[in-house]
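Notes to accompany the following structure.
Nothing in this text is a laboratory measurement; each read-out follows from the coordinates by a stated rule. Worth saying up front: this structure is predicted, and the values here are computed from it rather than measured. Because the Cβ atoms are built from the backbone with ideal geometry, glycine has one as well, and the counts that use them run over all protein chains shown.
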Amino acid sequence: MSTTKTTERVKQILSWYGSDNPGVLTNLARMLNHGTLGGTGKMVILPVDQGFEHGPTRSFAPNPPGYDPDYHYQLAIDAGCNAYAAPLGFLDAGAARFAGQVPTILKLNNSDSLAKMEPCPAVTGSVKDALRLGCAAIGFTIYPGSSARNTMYDEIRELILEAREHGLPTVIWSYPRGSGLAKEGEQAIDVTAYAAQIACQLGAHVVKVKPPKDVVYQDEAKKVFEKFNIPTKTLADRVRHVVQSSFNGRRIVIFSGGEAKDTQSVLAEVKEIAAGGGFGSIMGRNAFQRPRAEALQLLADVMKIYHS
Amino acid sequence: MSTTKTTERVKQILSWYGSDNPGVLTNLARMLNHGTLGGTGKMVILPVDQGFEHGPTRSFAPNPPGYDPDYHYQLAIDAGCNAYAAPLGFLDAGAARFAGQVPTILKLNNSDSLAKMEPCPAVTGSVKDALRLGCAAIGFTIYPGSSARNTMYDEIRELILEAREHGLPTVIWSYPRGSGLAKEGEQAIDVTAYAAQIACQLGAHVVKVKPPKDVVYQDEAKKVFEKFNIPTKTLADRVRHVVQSSFNGRRIVIFSGGEAKDTQSVLAEVKEIAAGGGFGSIMGRNAFQRPRAEALQLLADVMKIYHS
Amino acid sequence: MSTTKTTERVKQILSWYGSDNPGVLTNLARMLNHGTLGGTGKMVILPVDQGFEHGPTRSFAPNPPGYDPDYHYQLAIDAGCNAYAAPLGFLDAGAARFAGQVPTILKLNNSDSLAKMEPCPAVTGSVKDALRLGCAAIGFTIYPGSSARNTMYDEIRELILEAREHGLPTVIWSYPRGSGLAKEGEQAIDVTAYAAQIACQLGAHVVKVKPPKDVVYQDEAKKVFEKFNIPTKTLADRVRHVVQSSFNGRRIVIFSGGEAKDTQSVLAEVKEIAAGGGFGSIMGRNAFQRPRAEALQLLADVMKIYHS
Amino acid sequence: MSTTKTTERVKQILSWYGSDNPGVLTNLARMLNHGTLGGTGKMVILPVDQGFEHGPTRSFAPNPPGYDPDYHYQLAIDAGCNAYAAPLGFLDAGAARFAGQVPTILKLNNSDSLAKMEPCPAVTGSVKDALRLGCAAIGFTIYPGSSARNTMYDEIRELILEAREHGLPTVIWSYPRGSGLAKEGEQAIDVTAYAAQIACQLGAHVVKVKPPKDVVYQDEAKKVFEKFNIPTKTLADRVRHVVQSSFNGRRIVIFSGGEAKDTQSVLAEVKEIAAGGGFGSIMGRNAFQRPRAEALQLLADVMKIYHS
Amino acid sequence: MSTTKTTERVKQILSWYGSDNPGVLTNLARMLNHGTLGGTGKMVILPVDQGFEHGPTRSFAPNPPGYDPDYHYQLAIDAGCNAYAAPLGFLDAGAARFAGQVPTILKLNNSDSLAKMEPCPAVTGSVKDALRLGCAAIGFTIYPGSSARNTMYDEIRELILEAREHGLPTVIWSYPRGSGLAKEGEQAIDVTAYAAQIACQLGAHVVKVKPPKDVVYQDEAKKVFEKFNIPTKTLADRVRHVVQSSFNGRRIVIFSGGEAKDTQSVLAEVKEIAAGGGFGSIMGRNAFQRPRAEALQLLADVMKIYHS
């Protein structure tokens, strides 16, 4: 039953994007006002790009109905997610049937894990596709730390400009990775905060990062964390720093869940994210690799945490 | 009530850019006529690109209100700076709210310090963005000395041409760096003068370099400095040579402040720059990493030096 | 030393244009912040298109220095006008010399009075010219009442869109005229209010109309004016109705002075416009056809009325 | 051996075009510096568009060598004209052979006299052609007074913009004609001054009009001519008024010779044009319809008048 | 008063470029007809790209007025050079002021000597810039022998094509250099002749090489020089071979002067170049590093040699 009134909180969030045209604001509002969390200023998004990124078997064998693109549309709708994000093929497969039932985000670049190269996704869709499919936003992944970062930044610069002109906001997945970074640096708190900042500076409307770990990776950063006693012990602490690093909380920052894990761990992590002021979660494998009923229950529990 | 009159000095400066269209001249005048130094022909610019270049924690932890993009807009306005320069995200965050209150410069390329690569920033904004955001100029960084210099020079060639056609002048940050240069060469007087010349030859309307040190780096240059007794002992001497190397003082050359340091050192340096005929300062970390009241005081003192 | 601060009133006015990008707001602010009335939210603009519209002799013989395009630039600057509006040739002739000294408006369409045809100006400049010349806005005339109105509305639709994308606001001169209207209807209060509404609906940021007369022209309108007792007796009454008809006062509406007349009449009219809540005057022949000293005095007196 | 020095007079003339790029100035200088009158600021141009406008027989039968396009190139060169103007075909026929020997002006629109229609020439060449042919300018005819004037003004708006971007100035032939004007109005002094003004406002760098007659055509103009005692008795008087109407003499205005007539009449007219401050003559039929030796003599005599 | 007549010799030279459009021929003629050597078919060009290539101090300290871009424009004009060649910044700085006084060549690629890389200049200007600045030609450097030669050949292929379409000829600086060549090979006669041939085959209208030395570098070439007794002893011999290698003398080949040296050496070298049939000299450091009076004298003496 929709008696969707745009709440004061949503109006406040939209006010942070005052340089954008009303089309961009409208599409942000479509996501913020939709689903169980509609109006709260919090978001839970279902992303399903693993078929492209990790291959179908690794992605969908644990819960075979997920081979079917309709499954994910229906899951996002039934779970009351704010939006469903996927590459061109998955959206194309269901966009007509599910038109108007859940806001969608077209992920415009994707990497497969067959080629071995410095991390740099291919652009696999366009703003025109996003319009054609009725999407509420475009999505894009950057890998700060990759020596191919200039290619990605060049691409997103042009895509954001084009999307904006057509009234579409941009969600940036910012995942530090590549020859500039050791493995342990990828989720370090300083690096994650930096990755969020880069996405914001590139013009992202919504930023997605991984939950940061209690590690400070860069030497120059270490000195600063110590000198100013920036707390990093709990995930809530670290999320708070990432949110601050995202224009002092004036950009929407959401956190991915990463690999599939047990329900308790997922909920514990979400509680910390919520406590630290995170705007929500983007939860893929932890949702669609569970049997449908479990997934719906988990997503309901996650939303309850953000709602309280 | 506003009574900005374009002074004879500003008219003289504009006369150096006689091949440019009136749009470019108008936007140069917007910066030269604005703020405390308006009309003097001197400029103090607030640049805040460190969130992108060094990461948010290193940049903003010393003075946490700086995590908020509005903070810098307001600082530039209240300090009476001629202009405020930042990457796309920071300008986007405040451009509507602060429209018309301070001329802005959109920095069109930026490097993060996560990737390890031969110095070469990514292009992260466009001339269209600068127009959409109401900017008075575009900004661009080149790294002479980098083996990737041709990429940067190619990019700025096209951006200057496009900006010029749309009435926007260009500010070039010229920072020698890369595999062609040892660390001690980066701020050598011969190298800095050369960097300024390159920026001018590329078509920059305003050039920003670092204050040069009393070192001559290139062997061929050493012979010439000795043979012609070119004085390099004081910073004022060296600034004078850089200004001369910028088309005999017919291009606006301003000097960056570099790392944060104590107030005495900053003011001493500015006095030398002013004595050597420098056109002003671009002062980032020394401004926004201080508490606001101190920053306003420092900027006022700096402007007083240029004004006298 | 310049100390232009954007006032609360200017911020309020800019807030009415929230769907526009910061470039448009910045250029509106350039005009609102400039000159004697800078910051008051009132505007006095010098328009000189009569050379094209009525011919040079009729326009400039009364005060021959006006044959020279520089004369008008200097008059607008010295009088402290918010802006100077003219066709391509006049702006081209002085834009480089006077760069940065007064905001300019490029009038993009103009009619000469040699051809006999249904009123429809020719488009004689482009948005590219406005950018090249450093203008703060484009100007355009529509003739509601002309059977050629669709041509004009089509042209301005495309020009507003292009100007907006490039950060330029639009001033529409809305002058009812043509085979649809008898002479006495052209300045009728119902027709003038209608003309203002049309300009606003076409997307104008600033609307210019003629001071309406105490005549209601359209039969259907007459009934409504009578039924609701809409006062039209004084010019202030009528200006109030035009301002109300311009989105309840949320678009800037200014009034032209029409043919040259004696100083007392001009000032009396301006007092009424100010009393009725008009945002200002656009005063051409009454300014430039007087000797310079008289024109400066008149414009100063007009600005004093708006300021008080 | 060539020793063309740009004179102070030419520098002064170029200074009137300060909003133009150096390419436009360079091509203006090419014409102003060329030929017998090179450096004087005066111009005599040979135009040969009558083959298109009046047909070949009427044009060339009086002096049959003129059927050959080379004839006119050679005439312009040998006579020391500042430039030679013609439609695409005539220039194409000789441009390679005579490259570098005389500046050329590509007339971009032309009317034939076979069709009966409201005066409106066809566009018969492009800016690309002008560059390909090495021209120093484009030429364009407008007919103020024609009900098709908007078509012509639209066309020239776009051509001037394109020419300017490519460094080419524009010469406008401004000939009042069409259903808005009776025959006796076409060369009236008020109408001619108006036609010159329109060309200047459209952005012309050089304006060509017909020598005005001692008639004031428009009623409103008559009052003004009388009230301000504007002298119109001699051609010199009238030329003076046209020059004044061309931005107070800050645009180059030249006068056509019209129909072929006897030598005495031509020279008498030129003396008046020179006395009134006209910048020169554009002389077609009076040149190429005479035998070559006579034509050379006449042009030499004309140039002598402008030179003295 | 100017009386430039295109001579038979210039017409003959232009006839070699029969596939080019009249715009290219016109601009070649502009250079061939200008200055002291105008009409002789010989050329002396002033090139000033050393500020970019070697740095400002090394270039201008020997004669400090040369820091000022206007100095070189004035030197080229006063010396009666056929043309002045420089990068974007230097031309931009004076193009409006000196419009029409000397043909200019925009050097479209330039190298700085800070980066260490296989020789490959950056493209630092465009054909649009050349048109905007009113240039008579574009200039471009290739380094045959560099492993990056394909990049340069690709770039010049596109630039020549674009320049040609817009009526501009191309001057190629052909300097063998790079990992394919030992130092002593760079000015060998076989290599210089080869470099000239490559420039001609790429479509150059004017070729600039260094004066070749009496060395044959390539083994295969040595056999041929010996077998056919090709004389290489005097510079005149070698110049003759280079001219022959430039399409049997049907392309304009001029010779650079290299490092500054004493007057006697310069004049002796020029005499040999003239004796060998060279078309002229391009003389930078030997001109602008001398005091102005000496430079003017030297250039006059050089021109006298070519003229006799």
Sort E:112, D:92 so the one with the fewest other Cβ atoms within 10 Å of its own Cβ comes first. D:92, E:112
7 Å along Cα→Cβ, label-point gaps from residue E:64 to other copies, nm, shortest first: 5.2, 5.4, 7.4, 8.7
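Helix check for chain E. Which DSSP H runs span at least 20 Å along their own axis by Cα, with a mean Kyte-Doolittle hydropathy no less than -1.0? Intermediate results must be reported in sequence, preceding the final value.
Details: long enough: E:149-165 (24 Å, -0.95); E:292-307 (22 Å, 0.25).
Correct list, ordered by number: E:149-165, E:292-307.
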Grab the residue from chain B whose Cβ hugs the B-to-A rotation axis most tightly, plus its distance in whole angstrom. B:151, 10
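Over all pairs of distinct alpha carbons, what does the Kirkwood formula give as the hydrodynamic radius of chain B, in Å? Working shown, then result.
Details: mean 1/r = 0.0518 Å⁻¹.
Hydrodynamic radius (Kirkwood, Cα only) of chain B equals 19.3 Å.
Starting with the fewest neighbours, write out E:141, D:151, A:57 ranked by other beta-carbon atoms found within 10 Å of each beta-carbon.
Numbers: E:141 23, D:151 17, A:57 10.
Ranked by crowding around the Cβ, least crowded first: A:57, D:151, E:141.
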Reduced to Cα centres, the span from region D:3-27 to region C:191-211 in Å works out to 43
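Which loop-located trypsin sites (Lys or Arg not before Pro) does region C:174-237 contain, where loop means any DSSP state but H, G, I, E or B and the Cβ has at most 16 other Cβ atoms within 10 Å?
Filter output for region C:174-237: C:233.
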Inter-copy spacing of residue A:15 label points, which lie 7 Å from Cα along Cα→Cβ, given in nm from shortest upward: 0.9, 5.0, 5.5, 8.2
With 32 Å as the limit, write out which pairs from A:223/B:210; B:128/D:5; B:223/B:271; A:208/B:128; B:116/B:223; A:213/B:208 have Cα-Cα distances beyond it, or answer none. B:128/D:5; B:116/B:223; A:213/B:208
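With N set to the residue count of region D:1-63, report its C-alpha Rg divided by 2.2 N^0.38 Å to two decimal places.
Numbers: Rg = 16.3 Å, N = 63, 2.2 N^0.38 = 10.6 Å.
Taking the Cα Rg and dividing by 2.2 N^0.38 Å, one obtains 1.54.
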So, in nm and shortest first, the distances from residue B:268 to its counterparts in the other copies, with label points 7 Å along Cα→Cβ, work out as 5.5, 5.5, 7.3, 8.7
Please give the average number of partner chain Cβ atoms lying within 10 Å of the Cβ of each residue in B:47-56, rounded to a whole number. 5
4 °C / 1.567 mPa s Stokes-Einstein diffusion coefficient of region A:31-175, Kirkwood radius on C-alpha pairs, µm²/s: 83
May I ask you to work out the translational diffusion coefficient for region B:151-308 at 10 °C, viscosity 1.306 mPa s, via Stokes-Einstein with Rh from the Kirkwood sum over Cα pairs, reported in whole µm²/s? 96
Mean per-residue count of partner chain Cβ within 10 Å for B:163-176 equals 2
Give the distance, in whole Å, between the Cα centre of region D:212-230 and the Cα centre of region C:58-137. 25
Using the Cα centre as the reference, give the magnitude of the dipole from point charges on the C-beta atoms of chain E (Lys, Arg: +1; Asp, Glu: -1; all else neutral), rounded to the nearest 20 debye. 620
Please rank E:230, B:156, B:198, A:230, fewest neighbouring Cβ atoms within 10 Å first, as an exposure proxy. E:230, A:230, B:156, B:198
Expressed as a whole number, the average count of other chain Cβ atoms within 10 Å around the Cβ atoms of D:145-151 is 5
Taking one equal scatterer on every alpha-carbon of region E:259-308, how large is log10 of I(q)/I(0) by Debye at q = 0.16, 0.27, 0.31, 0.32 1/Å? -0.39, -1.08, -1.32, -1.37
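What's the long-distance tail for region A:112-231, i.e. % of Cα pairs beyond 24 Å? Show your work: numbers first, answer last.
Details: 2363 of 7140 pairs.
Value for region A:112-231: 33 percent of Cα pairs lie more than 24 Å apart.
Classify the protein assembly as shown as rounded, prolate or oblate, taking a ≥ b ≥ c as the square roots of the eigenvalues of its Cα gyration tensor: rounded when a/c is under 1.5, otherwise prolate if a/b is larger than b/c and oblate if not.
The shape class here is oblate.
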